[in-house]
Amino acid sequence: MFFSIIIPVYNRPDEMNELLQSLVDLKYKNSFEIVIIEDGSTNKCDEIVKNFKDRLSISYYFKTNSGPGDSRNYGMKMAKGDYFLIFDSDCIIPSNYLNEVEASLETEFVDCFGGPDKALKSFTNVQKAINFSMTSFLTTGGIRGGSETITKFQPRSFNMGISKKAFLDTKGFGNIHPGEDPDLSIRLWKLGYKTRLFPNAFVYHKRRIDWDKFSIQVTKFGKARPILNSWYPEYSKFTFWFPSFFVIGLYISVLLLFGLFDIPLKIYFLYFIIIFLVSSIQNKSIVVGFLSVIAVWKQFFGYGIGFLESYFKIQVLRKKPEVAFPELFFLKQVKLSENNLENFKSLESKTKIIGLTGGIGSGKTTVANYIKTLGIPVYISDLEAKKVMEFPEIISKIVAAFGEEIVTESALNREKLASIVFSLPEKLKQLNAIVHPEVKKHFDNWVLDNRDKPIVVKEAAILFESGAYKDCDIILTVVSPLESRIERVMNRDKTTREKILNRINNQISDNERIERSDFVIHNENLENMKSQVLEFINSLSKK
């Protein structure tokens, strides 16, 4: 068995130095490789990596920032091994780690395993306290610390292994973060794979965080869980509510003091005394014991409140996770595959149609206008649809469907019509059913007029929803951070944030567009966008 160690890193060169040194010190006798993926860092670790090239078999890749899950997937695609071991960059690996893993796999092979984490004596007191709160039986049931009391173990990506076969079948991690670990575990189970805890394959996990970062992290953990529960309700557990009950119970206990009933609050006080004593004894430090009380407090409140907020937005308001919590999602990097490129080039010598799409405010029109400057004809569907909607026969159909009030002096009252269709999805479908067939005819005639051109572009916000993607030979999607989209549309349309979010929520998500596209433009700044467009266009013309 040949191991490939996969390490994503983002702006942490010092941590990489410690991690790579621990890999140099491994007692493992067989060969293995290390694949490092620099996830768009501005403070890169390439010079650190060079210092270890003569002692370790290392491959180093730099890529655009797309999050740890996508970076791990990238590394596994590049790796040569048949079993992948995944570490976070803030880990230090014990010298017998690979021997423990190999022995466990030889005794009872499993396609995915996870190991626990521990704290080194050299860690700071805050790191030791956070480690206690994340691994103690008194807080998490000891799951992260090595407990084997659960029937199905969900490996954590700071210390896990997965076979190449399981990776290929699942396509690796999803784009949610945090939450990508249990998401992958559940998808493995659904495919019939087993996961297991290797209690002796532990790592020293530094948890590179201060109190504020820890609070943000555990709050994100809480927000992610209801999203996972909505995706996989059969794996939802009552125990996921415990931190939220802890928070609610504490507030109720304080209120009960006004009725001179203090027993619940005394129970909380006793719990934190136990936390203090156990941590102090375990870490041989009263200071760490005191800090552990703070860590547990922050952990329960962060997770509990995050869980309640997410449950309300996802389960009650039924918001799309990507819209409710954009900070939990990284957009995938999609490049035109060699297979799709060859298929595109092998088409008969007709005018080839590129479909260009993206959500509201993504900047797809800016991309379209730049493509025009390259001498490629572009059909802007929204503009052309407005022309089509002014045809007398189309106005008559719209009036019949929506009433006389949407017409002013024989012209459409577009603001009135928009207020109807963007608040009621069924009305939007009704309007699309009238307009889209006519726009399709208009587009077909436009393609005929440009039949002397090798490539044309059809820009459409609802390329997939309308079915227009079926007319395209290749699909290009434009994506942009949610806040950037909102700001653009607010400035452009002089509308409210609430109205924009409502429109976004009624569209398919960026991630669904990405899954169905051949190439993705990440529109975060103008110059970078232009270079990506040129890369795409040049790839189409290469022999």
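If you go through the range 85-95 one residue at a time, do you hit one that is surrounded by 20 or more Cβ atoms within 10 Å (Cβ to Cβ), of a type in the set (Asp, Glu) and under 22 Å from SER22 (Cα atoms)?
yes
Six or more apart or on different chains, Cβ under 7 Å: which pairs go from a residue in the range 447-465 that's more than 18 Å from VAL479 (Cβ to Cβ) to one that's of a type in the set (D, E, K, R)? Could you list them?
Listed pairs, sorted by first residue: PRO454/LYS352; ILE455/LYS352.
Only one of (1) charged (D, E, K, R); (2) buried (at least 22 other Cβ atoms within 10 Å of the Cβ); (3) more than 26 Å from the chain's Cα centre (by Cα); (4) under 30 Å from GLN532 (Cα atoms) fails for ASP70. Which number is that?
Checking ASP70 against (1) charged (D, E, K, R); (2) buried (at least 22 other Cβ atoms within 10 Å of the Cβ); (3) more than 26 Å from the chain's Cα centre (by Cα); (4) under 30 Å from GLN532 (Cα atoms), the one that fails is (3).
Check the range 448-470 and report whether any residue there is farther than 27 Å from GLU322 by Cα, among the hydrophobic types (A, V, I, L, M, F, W, C) and in a helix (DSSP H, G or I).
Taking the range 448-470 and keeping what is farther than 27 Å from GLU322 by Cα, we get 448-457.
Now narrow it down to the ones that are among the hydrophobic types (A, V, I, L, M, F, W, C): 448, 455-457.
Imposing the further condition that a residue be in a helix (DSSP H, G or I) reduces the set to 448.
For the range 448-470, residues farther than 27 Å from GLU322 by Cα, among the hydrophobic types (A, V, I, L, M, F, W, C) and in a helix (DSSP H, G or I): present.
Tell me, yes or no, whether the range 163-184 has at least one residue that is modelled with pLDDT under 95, basic (Lys, Arg), open to solvent by 10 Å² or more (accessible area, probe 1.4 Å) and assigned to a loop (DSSP other than H, G, I, E, B).
yes
So which residues in the range 1-21 are more than 14 Å from LEU85 (Cα to Cα) and at pLDDT below 95, if there are any at all?
Answer for the range 1-21, where residues must be more than 14 Å from LEU85 (Cα to Cα) and at pLDDT below 95: VAL9, TYR10, ASN11, ARG12, PRO13, ASP14, GLU15, MET16, ASN17, GLU18.
Which condition does PHE62 not pass, out of (1) open to solvent by less than 60 Å² (accessible area, probe 1.4 Å); (2) in contact with an Asp or Glu (Cβ under 6 Å, 6 or more places away or on another chain); (3) assigned to a strand (DSSP E or B), if it passes all the others?
Evaluating PHE62 over (1) open to solvent by less than 60 Å² (accessible area, probe 1.4 Å); (2) in contact with an Asp or Glu (Cβ under 6 Å, 6 or more places away or on another chain); (3) assigned to a strand (DSSP E or B) leaves (1) as the failure.
Which ones in the range 359-418 are basic (Lys, Arg) and over 19 Å from VAL439 (Cβ atoms)?
LYS372, LYS416 - these are the residues of the range 359-418 that are basic (Lys, Arg) and over 19 Å from VAL439 (Cβ atoms).
Does the range 523-542 include one or more residues that are open to solvent by 30 Å² or more (accessible area, probe 1.4 Å), over 16 Å from GLU322 (Cβ atoms), assigned to a loop (DSSP other than H, G, I, E, B) and of a type in the set (Asp, Glu)?
yes
Is there a residue in the range 218-233 that is open to solvent by 60 Å² or more (accessible area, probe 1.4 Å) and aromatic (Phe, Trp, Tyr)?
yes
Just one of (1) open to solvent by 10 Å² or more (accessible area, probe 1.4 Å); (2) in contact with an Asp or Glu (Cβ under 8 Å, 6 or more places away or on another chain); (3) in contact (Cβ under 8 Å) with a residue 40 or more places away in the chain trips up VAL9, so point out which.
Unmet condition: (1).
Tally the residues that are at pLDDT below 90, open to solvent by 10 Å² or more (accessible area, probe 1.4 Å) and either of a type outside the set (Asp, Glu) or under 32 Å from the mean Cα position of the chain (by Cα) (or both), restricting the search to the range 359-389.
The number of residues fulfilling the criteria is 7.
Kindly provide the set of residues from the range 421-456 that are β-branched (Val, Ile, Thr) and either closer than 16 Å to GLU393 by Cα or at pLDDT 80 or above (or both), ordered by number.
Matches in the range 421-456: ILE434, VAL435, VAL439, VAL447, ILE455, VAL456.
In the range 412-435, is there at least one residue being in contact (Cβ under 8 Å) with a residue 60 or more places away in the chain and either within 18 Å of VAL367 (Cβ to Cβ) or in contact with a strand residue (DSSP E or B) (Cβ under 8 Å, 6 or more places away or on another chain) (or both)?
No: zero hits.
Pairs only if they're at least six apart or on different chains, beta carbon under 8 angstrom, first in the range 206-230 and over 20 Å from CYS91 (Cα atoms), second open to solvent by 30 Å² or more (accessible area, probe 1.4 Å) and of a type in the set (Gly, Ala, Ser); list them, first residue then second.
ASN229/SER236
Filter the range 115-129 down to the residues that are of a type outside the set (D, E, K, R) and more than 20 Å from SER157 (Cα to Cα), then identify the one that is most open to solvent (accessible area, probe 1.4 Å).
SER122
Checking the conditions here, which among LYS458, LYS470 is open to solvent by 20 Å² or more (accessible area, probe 1.4 Å) and of a type in the set (Lys, Arg)?
Of the residues listed, the single one that is open to solvent by 20 Å² or more (accessible area, probe 1.4 Å) and of a type in the set (Lys, Arg) is LYS470.
Does ILE406 satisfy the condition of being β-branched (Val, Ile, Thr), touching a strand residue (DSSP E or B) at 6+ places or on another chain (Cβ under 7 Å), farther than 28 Å from PRO454 by Cβ and crowded, with 18+ Cβ neighbours inside 10 Å?
yes
Could you pull out the residue among ASP452, ASP444 that is open to solvent by 50 Å² or more (accessible area, probe 1.4 Å) and more than 20 Å from SER381 (Cα to Cα)? Talk me through it step by step, then tell me what you get.
Working: ASP444 fails: more than 20 Å from SER381 (Cα to Cα).
Testing whether each residue is open to solvent by 50 Å² or more (accessible area, probe 1.4 Å) and more than 20 Å from SER381 (Cα to Cα) leaves just ASP452.
The values are calculated or read from the model by the stated rules, or taken from the named source; none is laboratory data. In this text, all values refer to a predicted model and were calculated from it rather than measured experimentally. Here the Cβ is made from the backbone with ideal geometry for all residues, glycine too, and neighbour counts use every protein chain on show. Accessible surface areas use protein heavy atoms only, side chains included; no ligands, DNA or RNA. Shrake-Rupley method; radii C 1.70, N 1.55, O 1.52, S 1.80 Å.
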